[in-house]
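One structure is given below, encoded as structure tokens.
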Amino acid sequence: MTVDLKSRVPGGPLAEKWDKHKFDIKLVNPANKRKYSVIVVGSGLAGASAAATFSELGYNVSCYCYQDSPRRAHSIAAQGGINAAKNYQNDGDSIQRLFYDTIKGGDFRAREANVFRLAQISVNIIDQCVAQGVPFAREYGGLLANRSFGGAQVSRTFYARGQTGQQLLLGAYQALEKEIAKGGVKMYPRAEMLDLIVVNGRARGIVVRDEVTGTVEPHLADAVVLATGGYGNVFYLSTNAKGCNTTAIWRSYKRGAAFANPCYTQIHPTCIPVAGDYQSKLTLMSESLRNDGRVWVPKRREDVGKAPGDIPEDERDYYLERKYPSFGNLSPRDIASRAAKEACDDGRGVGPGARGVYLDFADAIKRLGEDKIRERYGNLFEMYERITDENPYKVPMRIYPAVHYTMGGLWVDYNLMSTIPGLHVAGEANFSDHGANRLGASALMQGLADGYFVLPYTIGDYLASNKLEPVTRETPEVKAAVADVKTRTDRLLGVKGKRTVASFHRELGKIMWEYCGMARDAAGLTKAIELIPALREEFWRDVSVPGSGAELNQTLEHAGRVADFLELGELMCRDALHREESCGGHFRTEYQTSDGEALRNDETFAYVAAWEYAGEGTTPVLNKEPLVFENIKLSQRSYK
Amino acid sequence: MNLTLKVWRQSGPNSAGTLTEYAATDVSPEMSFLEMLDVVNERLIEQGEVPIAFDHDCREGICGSCGMMINGVAHGPMKATATCQLHMRSFTDGDTVVIEPWRARAFPVIKDLVVDRGALDRIIQAGGYISVSTGGAKDGNTIPIPKTDADSSMDAAACIGCGACVAACPNASASLFTGAKISHLGLLPQGQPERYRRALRMVAQMDLESFGGCTLFGECQEACPKEISIDVISRMNRDYMFAAVSAVDEPVGGADG
Amino acid sequence: MWLLTLYRSTIGKKVIMAVTGLMMVGFVIAHMIGNLQIFIGPSRINAYSAFLKSTGELLWVARLGLLTALALHVLMAVQLTRVTWAARPVGYAKRDPQVSTVASRSMRWGGVVLLAFIVFHILHFTTGNVFPMASSPDVMRPGFSHTDVYGNVISAFRVPWVVAAYVVAMLFLLLHLFHGAWSSVRTLGLTKPSPHPRERRIATVIALVVWLGFTAVPVAVFLGVVR
Ligand SMILES: Cc1cc2nc3c(=O)[nH]c(=O)nc-3n(C[C@H](O)[C@H](O)[C@H](O)COP(=O)(O)OP(=O)(O)OC[C@H]3O[C@@H](n4cnc5c(N)ncnc54)[C@H](O)[C@@H]3O)c2cc1C
Ligand code: HEM
Ligand code: HEM
Ligand code: SF4
Ligand code: F3S
Ligand code: FES
């Protein structure tokens, strides 16, 4: 059987779809709301905002996160800002323009209706957050300040110093805590979802392991929302938090939810380069740095060893300015990242391992003075110096691209419901809105749009229009799911091999980065598809997980996550291999224009690739949702 | 470089713990403190031993997960730096490093260096928010907020909830954490309606959680990775006194009251 | 009732402490100034003391006020100290204080010393129940007298250990005020946010002046500057 990919996009003109839909969908009357229970997995921007809003509406909510507090979800790490089509700057921004920029930035691989709704809602998000007490940056006049971000020619990004994600998350977290105090939400921190419970084809609960006691239990509800974030950690080294994982969505995939565009990964151009093989994660330097920093490498290979100061101006190659005169250092992430890789592949990379390029502020400091620069980027410069022990006011920063965001995720319809009825997916965990590449400051926007303004309507529609049979711990499907989890955990503990979980994770990461990273080709991907299963097999034969399952066991948690990455990695490579075009974050070296730009193939590949699990050992089934563009004409993306 | 670690090992909440000695050999100065522990842990696992448990996630000094007492200093020797951002260049070859969990009655040890900081969440539950439901918010620019107010509010809002203030405070007081949230919201016009109610309830909860009182030692401010100033404590006390005297709230019973 | 709310919370207790503490600060300053009249001569200080005693009820009001302040202060100190000690049942194996001062760390035990001193001091100079005399023959002076404060002071501070006791006590007062006179204003939230708070400097001055002013008397008498 193949899943049906009904996008459920309402008819009518683009601008009226969402309002029309809100009117057409069913509502649950207030008295009945408290009879319904909803599970929200994840307490990031998407999860916390959804859980809080559901509870405000009157639903019985339970919310889960693997950290010790919902406030620590990885949304907290977002630095740059959040987009909204407020046009406070009167620089020609509009819902239409944000919509267009997002579709174009996503290289025409996103669903028009979803993106337009996102642009519409963006405006309400800012108002909501201000009301919650999010201390956005302000002008002296007391009004909200904006900054510009890559891939856009208007200033529409709202920010709170370099801690925008933190402040937005604290806003949502506080709303969540308010509802917890009221009793509307039951919060389960240090709780990891290890499987999805599907009864009669509907999502009816999750299997959860309490990380402190180790007890594995079913949690049942009328609907389930996954807001579990991105899976960038499949590359081991990424800007994601150490705990970020794919487990929740991967388990759901194996229970029948289609996985869309797994190969679309975003590589962020400005991260601090790897310093050694003990490296545990990569740190992002906000994109806003590219507003004043100039990216360059030496023109001649011989010079890479030299101190940057000793390389005269005319010996430097400001390659972004050279290749993309109009956007220059502000060209979109995928383009800037690839250009850096090319320079390094060309043997002109700088720093340890020759995997780095300079981000130089000398000119900006000359032009604006050190104080101005300190005022703009002070905290980022400090962070850089803390990590590298180099002073960026004196010597240029060294940066290199790193895995940052995964556009792919579980397939969802216009209601954010997956192919499993009752299983909704929000935030980075779903595939919607960003197509093949995400613009800076758009993920925070999407997470909050999903949680505050979309799900609260669509979940009601689902609950109102479905008769749900009672489910108990005794229901066979429930018992089976719990048993599966227990056997799996015991298996991991039972291997008692020699290799550490981390060593497997690192090896998988190397494979993914090498063959499914910034630039991909058929040969490499085919190789990876052989290497990964072999590594997986070794993992289950030789992994070492000390300790027991009945206690706090961080190695066991990591092992479970890596086991899932070892399966996901293969699917990503399959997806990348099948998509014989280049688009956004997915660059196939075979498909590029004469001057090395991504070459799309809209005739054959203007669709969403939704992969369907077909059982252990059998290759997954590819389902396609065609992308129809009624309001935008497809064009070759150009930032020249 | 080579270091000797003395790490607090405690297998469970109710079991007794001890300081156990480990050798951390050929440590690179470029490593972060947690990466150094990663290496030690991988060696332990290779020998089939149970690795040292410690909380961490973002490793960018923003999520507030990490935190340990390093040679008697919360988050270690580097000022304004969370444990995950501390690098080994702050140590010298041959050093002995004592690593202990946050210590406070309100922060029971779960395992090794992992403690339960739920008390901080419950303090927020007691009133660390602005009661607005989703939807119906007015345009973000309808209330202009002086830049200086927005900035000082942001200074307080920068708290990452790590608990180092409690750990560093000789009284195990949570005053800096609570004061920070009361100041963040109290400095904004949106926060005014609930200002005094908030102070009453959050302070009541702080006491219920059996944190100690503040006697202005100032250690918290020194340990805080976000350099939150003890001025927020004065502000909390001021709001609290006003609230208590003008009896703005129904009987205070903390989170649930 | 609001007093109860205050009394029930750690902040409220601390506020009571600050208020009573500041009352006592006021008293010691006044008392120190009063004592310095010793240097002007017998008639002056005795007159002063006579005047104080002549005020009758008023004096008792003041005494009662001070006594309650002290009682409350100590009561709160004891209660808060117990709360605080309970807040960290398991201590650290290694601790390296960064900024806390000797003064802030000695508040509790220093306070106890001050309490002991005050008790002794009242029995000594006010009631005269405890009035050790120098036994050496060269000093020919009468014992304690309710009218001759000057005489009392002179005879009292001929005794080395008494002088020592006062000097030491005053060192504890110095520490207690150095922290207390500052922390109390912060406790009451009467401060403007600032990296170099004014109240810190003022407190330092108060502490030093009070310390010098008090210590001067026993030392001067002992060295025979005042006889
Ligand atoms: C360093 C960095 C900087 C960024 N900067 C920006 C920016 O400036 N602008 C922007 O728009 N976007 C930015 N992004 C992207 C954006 O932050 C994320 O895409 C977004 O915050 C994701 O939010 P989320 O709610 O979907 O997931 P998350 O915030 O990652 O939350 C995931 C939640 O799910 C829980 N969870 C996960 N797995 C499980 C499980 N198995 N069981 C139980 N719970 C689980 C976690 O505990 C967590 O609570 C940045 C990302 C990074 C990494
Ligand atoms: C060297 C320092 C001091 C000297 C020489 C000194 C001297 C005296 C004298 C002579 C009297 C009796 C006054 C009279 O009967 O008229 C007195 C009373 C008193 N002193 Fe001091 N004193 C000193 C320090 C202090 C300090 C530090 C305190 C408090 C902390 C203090 C508290 C009192 C009190 C409460 C009384 C009783 C006042 C009354 O009720 O009559 N003294 N002191
Ligand atoms: C007599 C016995 C005394 C005891 C047991 C005692 C004890 C204490 C303690 C434990 C504190 C709290 C520490 C702190 O808040 O930093 C304190 C604070 C203080 N004490 Fe005392 N003290 C005593 C006497 C005095 C005297 C005589 C004075 C004044 C001369 C005084 C003035 C203060 C002040 C101003 C504070 C600061 C209060 C605050 O910070 O809110 N105390 N005292
Ligand atoms: S106030 Fe500072 S130390 Fe305390 S929790 Fe917040 S960030 Fe951590
Ligand atoms: S260290 Fe403790 S005593 Fe107060 S000033 Fe900080 S909370
Ligand atoms: S791990 Fe997030 S703050 Fe240190």
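The values are calculated or read from the model by the stated rules, or taken from the named source; none is laboratory data. Note that this is a predicted model, so its numbers are computed, not measured. Positions of Cβ are generated from backbone atoms using ideal geometry, with glycine treated the same way; all protein chains shown enter the neighbour counts. For accessibility, only protein heavy atoms count, side chains too; no ligands or nucleic acids. Shrake-Rupley method; radii C 1.70, N 1.55, O 1.52, S 1.80 Å.
Among the residues of the range B:44-78, count how many are under 27 Å from residue A:272 (Cα atoms) and more than 7 Å from every other protein chain (Cβ to nearest Cβ).
Matching residues across the range B:44-78 total 11.
Quick check, is residue A:471 touching a strand residue (DSSP E or B) at 6+ places or on another chain (Cβ under 7 Å) and either open to solvent by 10 Å² or more (accessible area, probe 1.4 Å) or in a helix (DSSP H, G or I) (or both)?
Numbers: touching a strand residue (DSSP E or B) at 6+ places or on another chain (Cβ under 7 Å): yes; either open to solvent by 10 Å² or more (accessible area, probe 1.4 Å) or in a helix (DSSP H, G or I) (or both): yes.
Criteria met by residue A:471.
Does the range B:105-115 contain any residue that is open to solvent by 10 Å² or more (accessible area, probe 1.4 Å), in contact with a Ser or Thr (Cβ under 6 Å, 6 or more places away or on another chain), more than 9 Å from chain A (Cβ to nearest Cβ) and closer than 30 Å to residue B:25 by Cβ?
Within the range B:105-115, not a single residue is open to solvent by 10 Å² or more (accessible area, probe 1.4 Å), in contact with a Ser or Thr (Cβ under 6 Å, 6 or more places away or on another chain), more than 9 Å from chain A (Cβ to nearest Cβ) and closer than 30 Å to residue B:25 by Cβ.
Find the strands (runs of 3 or more DSSP E) located wholly in the range A:187-240 whose residues include 1 or more that are closer than 26 Å to residue A:169 by Cα and open to solvent by 10 Å² or more (accessible area, probe 1.4 Å), and list them.
Numbers: elements: A:191-199, A:202-210, A:216-220, A:223-226.
It comes to A:191-199, A:202-210, A:216-220.
Collect the residues in the range A:406-440 that are open to solvent by 10 Å² or more (accessible area, probe 1.4 Å) and either within 10 Å of ligand 1 (Cβ to nearest atom) or in contact with a Cys (Cβ under 9 Å, 6 or more places away or on another chain) (or both), keeping them in residue-number order.
Passing the criteria: A:428, A:438, A:439.
Inside the range A:59-93, can you point out the residues that are surrounded by fewer than 24 Cβ atoms within 10 Å (Cβ to Cβ) and more than 11 Å from chain B (Cβ to nearest Cβ)?
Answer for the range A:59-93, where residues must be surrounded by fewer than 24 Cβ atoms within 10 Å (Cβ to Cβ) and more than 11 Å from chain B (Cβ to nearest Cβ): A:60, A:62, A:80, A:85, A:87, A:89, A:90, A:91, A:92, A:93.
Pick out, from the range B:98-188, the helices (runs of 4 or more DSSP H) lying fully within it that include 1 or more residues that are more than 16 Å from ligand 5 (Cβ to nearest atom) and under 26 Å from residue A:140 (Cα atoms). Walk me through it before giving the result.
Working: elements: B:118-125, B:147-157, B:164-168, B:175-186.
Passing ranges, in order: B:147-157, B:175-186.
For (1) in a strand (DSSP E or B); (2) over 22 Å from residue A:244 (Cα atoms); (3) open to solvent by less than 20 Å² (accessible area, probe 1.4 Å); (4) modelled with pLDDT under 95, each residue gets a yes or a no:
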| residue | (1), (2), (3), (4) |
| --- | --- |
| A:525 | no, yes, yes, no |
| A:539 | no, no, yes, no |
| A:556 | no, no, yes, no |
| A:559 | no, no, yes, no |
| A:562 | no, no, yes, no |
| A:567 | no, no, no, no |
| A:625 | yes, yes, yes, no |
| A:630 | no, yes, no, yes |
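Restricting attention to the range A:265-280, does a residue exist that is within 11 Å of chain B (Cβ to nearest Cβ) and more than 27 Å from residue A:354 (Cβ to Cβ)?
no
Taking the stated definitions as given, is residue A:54 of a type in the set (A, V, I, L, M, F, W, C), away from ligand 1 (no atom under 14 Å from the Cβ), within 14 Å of chain B (Cβ to nearest Cβ) and crowded, with 22+ Cβ neighbours inside 10 Å?
Working: of a type in the set (A, V, I, L, M, F, W, C): yes; away from ligand 1 (no atom under 14 Å from the Cβ): yes; within 14 Å of chain B (Cβ to nearest Cβ): yes; crowded, with 22+ Cβ neighbours inside 10 Å: yes.
Yes; evaluated as a whole, the condition is true for this residue.
Could you check the range A:342-375 and list, in sequence order, the residues that are surrounded by fewer than 18 Cβ atoms within 10 Å (Cβ to Cβ) and either under 28 Å from residue A:266 (Cα atoms) or modelled with pLDDT under 90 (or both)?
Residues satisfying the conditions are A:342, A:345, A:346, A:347, A:352, A:353, A:354, A:355, A:372, A:374, A:375.
Out of the range A:114-157, which residues are touching a Ser or Thr at 6+ places or on another chain (Cβ under 8 Å), aliphatic (A, V, I, L, M) and crowded, with 21+ Cβ neighbours inside 10 Å?
Listed by number, the residues that qualify are A:115, A:118, A:119.
Which is open to solvent by less than 10 Å² (accessible area, probe 1.4 Å), within 14 Å of chain C (Cβ to nearest Cβ) and polar (S, T, N, Q), of B:18, B:81? Reasoning before the result, please.
Numbers: B:18 fails: open to solvent by less than 10 Å² (accessible area, probe 1.4 Å).
That would be B:81, the only listed residue that is open to solvent by less than 10 Å² (accessible area, probe 1.4 Å), within 14 Å of chain C (Cβ to nearest Cβ) and polar (S, T, N, Q).
Return the pairs, sorted by first residue and then second, in which the second residue is modelled with pLDDT under 90 and buried (at least 20 other Cβ atoms within 10 Å of the Cβ), the first residue lies in the range A:376-392 and is facing another protein chain (nearest Cβ under 10 Å) and within 16 Å of residue B:78 (Cβ to Cβ), the beta carbons are less than 6 Å apart, and the residues are 6+ apart or on different chains.
Filtered contacts from the range A:376-392: A:379/A:162.
List the number of the failed condition for residue C:191; all other conditions in (1) closer than 30 Å to residue B:242 by Cβ; (2) in a helix (DSSP H, G or I); (3) open to solvent by less than 20 Å² (accessible area, probe 1.4 Å) hold.
Tallying (1) closer than 30 Å to residue B:242 by Cβ; (2) in a helix (DSSP H, G or I); (3) open to solvent by less than 20 Å² (accessible area, probe 1.4 Å), residue C:191 fails exactly one: (2).
Could you look through the range C:168-199, keep only residues that are at the interface with chain B (Cβ under 9 Å from one of its Cβ atoms) and of a type in the set (Lys, Arg), and pick out the one that is nearest to the chain's Cα centre (by Cα)?
C:186
With respect to residue A:295, determine if the residue is farther than 25 Å from residue A:435 by Cα, in contact (Cβ under 8 Å) with a residue 60 or more places away in the chain and open to solvent by less than 10 Å² (accessible area, probe 1.4 Å).
Details: farther than 25 Å from residue A:435 by Cα: yes; in contact (Cβ under 8 Å) with a residue 60 or more places away in the chain: yes; open to solvent by less than 10 Å² (accessible area, probe 1.4 Å): yes.
Yes; evaluated as a whole, the condition is true for this residue.
Examine the range A:329-341 for a residue that is open to solvent by 40 Å² or more (accessible area, probe 1.4 Å) and assigned to a helix (DSSP H, G or I), and state whether such a residue exists. Don't jump to the end; show me each part of the working.
First, the residues of the range A:329-341 that are open to solvent by 40 Å² or more (accessible area, probe 1.4 Å): A:330, A:341.
Still in the running and assigned to a helix (DSSP H, G or I): A:330, A:341.
Checking the range A:329-341: at least one residue is open to solvent by 40 Å² or more (accessible area, probe 1.4 Å) and assigned to a helix (DSSP H, G or I).
Check off (1) within 16 Å of ligand 5 (Cβ to nearest atom); (2) out of contact with any His (no Cβ under 7 Å at 6 or more places or on another chain); (3) open to solvent by less than 40 Å² (accessible area, probe 1.4 Å) for residue C:124 and give me the number that stays unchecked.
(1)
Among C:90, C:78, C:112, which is more than 22 Å from residue C:211 (Cα to Cα), within 13 Å of ligand 3 (Cβ to nearest atom) and without any contact (Cβ under 8 Å) to a residue 24 or more places away in the chain? Talk me through it step by step, then tell me what you get.
Working: C:90 fails: within 13 Å of ligand 3 (Cβ to nearest atom); C:112 fails: more than 22 Å from residue C:211 (Cα to Cα).
Just a single option satisfies the conditions, and that option is C:78.
If you take the residues of the range A:494-517 that are touching a helix residue (DSSP H, G or I) at 6+ places or on another chain (Cβ under 7 Å) and more than 21 Å from residue A:276 (Cβ to Cβ), which of them is most open to solvent (accessible area, probe 1.4 Å)?
Among them, the one singled out is A:498.
Kindly indicate which of A:55, A:43, A:7 is of a type in the set (Ser, Thr, Tyr) and in contact with a Gly (Cβ under 6 Å, 6 or more places away or on another chain).
Values: A:43 fails: in contact with a Gly (Cβ under 6 Å, 6 or more places away or on another chain); A:7 fails: in contact with a Gly (Cβ under 6 Å, 6 or more places away or on another chain).
Answer to the selection: A:55.
Given the condition assigned to a helix (DSSP H, G or I), away from chain A (no Cβ under 11 Å), in contact with a Gly (Cβ under 8 Å, 6 or more places away or on another chain) and crowded, with 24+ Cβ neighbours inside 10 Å, answer yes or no: does some residue in the range B:209-232 qualify?
There is at least one residue in the range B:209-232 that is assigned to a helix (DSSP H, G or I), away from chain A (no Cβ under 11 Å), in contact with a Gly (Cβ under 8 Å, 6 or more places away or on another chain) and crowded, with 24+ Cβ neighbours inside 10 Å.
If you scan the range B:124-156, which residues turn out to be open to solvent by less than 60 Å² (accessible area, probe 1.4 Å), touching a Lys or Arg at 6+ places or on another chain (Cβ under 7 Å) and either at pLDDT below 95 or not hydrophobic (A, V, I, L, M, F, W, C) (or both)?
B:127, B:128, B:129, B:147
For residues in the range A:604-617 being modelled with pLDDT of 95 or more and open to solvent by 50 Å² or more (accessible area, probe 1.4 Å), which is nearest to residue A:567 (Cα to Cα)?
A:613
Go through the range B:191-208 residue by residue and tally those that are part of a helix (DSSP H, G or I), more than 30 Å from residue A:382 (Cβ to Cβ) and not aliphatic (A, V, I, L, M).
Matching residues across the range B:191-208 total 7.
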